[in-house]
Amino acid sequence: ADILYMTGQNSDNEGFRAAVADITDGVVNHVNVGDSDETVPLLSDMLQYDCLMVHYSSPFGDPGILGDHLADYIDAGGTVVFSDGFLFNVHGRFKADNYSPIDVSARQNEMSFGDLYRGDGSTLLYEGITAFRSVRDNRDEGISLVGNGISDGSYESGTIAAAYRPDFRVVYLNGSY
């Protein structure tokens with residue numbers, strides 16, 4: 001699998017990319033989409049990849065263009081995996097047309113120092129995983145499913161650990177990567 005790891009300004013995680021490449025037996029490239037609208041890949045560039053992993057670590061250069069291009073990529077059959085903070089920081093069609101399986105408008109941050117996974121995930125997202133702990137200093141409460149979003153797994157607090165659309169074209173992972 002060829003994967004594009006998209007982050008905000010200069011926040012590449014080479015260790016994470018290497019682990020994903022090892023698991024998928026693929027290639028994971030990185031692109032910084034945080035400096036200006038010129039850094040947002042075009043749809044033609046995105047279509048070269050089997051999957052886009054988008055992580056918010058700092059502001060995106062043009063969150064509207066990014067949202068439009070992600071929606072176009074999904075419409076063309078691509079898969080997008082995203083993590084925390086992303087929905088607050090992307091706009092355009094991705095947000096306006098509810099491509100996401102979750103809504104974060106009622107989100108409140110609360111200190112948790114590593115919420116434990118309940119072990120209740122049931123899809124391939126948890127294949128080979130028996131336990132994990134959130135690696136952040138806060139957890140997200142007030143995350144809710146929207147449209148035909150499906151929750152898959154939760155933390156002890158009850159917070160959604162992962163969610164996806166039935167077509168698996170958009171997957172949300174509650175944690176940083």
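In the stretch 120-153, of all residues being modelled with pLDDT of 90 or more and hydroxyl-bearing (S, T, Y), the one that is surrounded by the fewest Cβ atoms within 10 Å (Cβ to Cβ) corresponds to S122.
Consider N13 carefully, then state whether it is over 18 Å from A162 (Cα atoms) and either touching a residue at least 60 places away in the same chain (Cβ under 8 Å) or among the small types (G, A, S) (or both). Yes, satisfied. Just one of (1) polar (S, T, N, Q); (2) at pLDDT below 85; (3) open to solvent by less than 60 Å² (accessible area, probe 1.4 Å); (4) under 18 Å from the mean Cα position of the chain (by Cα) fails for S100. It is (2). Tell me, which residue of the stretch 49-74 that is in contact with a Phe, Trp or Tyr (Cβ under 7 Å, 6 or more places away or on another chain) and of a type outside the set (V, I, T) is most open to solvent (accessible area, probe 1.4 Å)? Only one residue tops the list, namely Y56. Tallying residues that are within 19 Å of G67 (Cα to Cα) and either open to solvent by less than 50 Å² (accessible area, probe 1.4 Å) or modelled with pLDDT of 85 or more (or both) within the stretch 6-19 yields 3. Remark: pairs (first residue in the stretch 49-72, among the polar types (S, T, N, Q); second residue at pLDDT below 95 and open to solvent by 20 Å² or more (accessible area, probe 1.4 Å); Cβ separation under 6 Å; 6+ apart in sequence or on different chains) = S57/S11; S58/Q9. Does at least one position in the stretch 18-25 carry a residue that is closer than 25 Å to D103 by Cα, touching a strand residue (DSSP E or B) at 6+ places or on another chain (Cβ under 9 Å) and of a type in the set (G, A, S)? Within the stretch 18-25 (the criterion being closer than 25 Å to D103 by Cα, touching a strand residue (DSSP E or B) at 6+ places or on another chain (Cβ under 9 Å) and of a type in the set (G, A, S)), the answer is no, since none of the residues qualifies.
State all residues of the stretch 20-48 that are closer than 14 Å to Y5 by Cα and open to solvent by 50 Å² or more (accessible area, probe 1.4 Å); if no residue qualifies, say none. Passing the criteria: T24, V27, N29, H30, D45, L47, Q48.
The values are calculated or read from the model by the stated rules, or taken from the named source; none is laboratory data. Note that the structure is a prediction, hence the values are computed from the model and not measured. Backbone-built Cβ (ideal geometry, glycine too); neighbour counts: all protein chains shown. Surface accessibility is based on the protein's heavy atoms, side chains included, excluding ligands, DNA and RNA. Shrake-Rupley method; radii C 1.70, N 1.55, O 1.52, S 1.80 Å.
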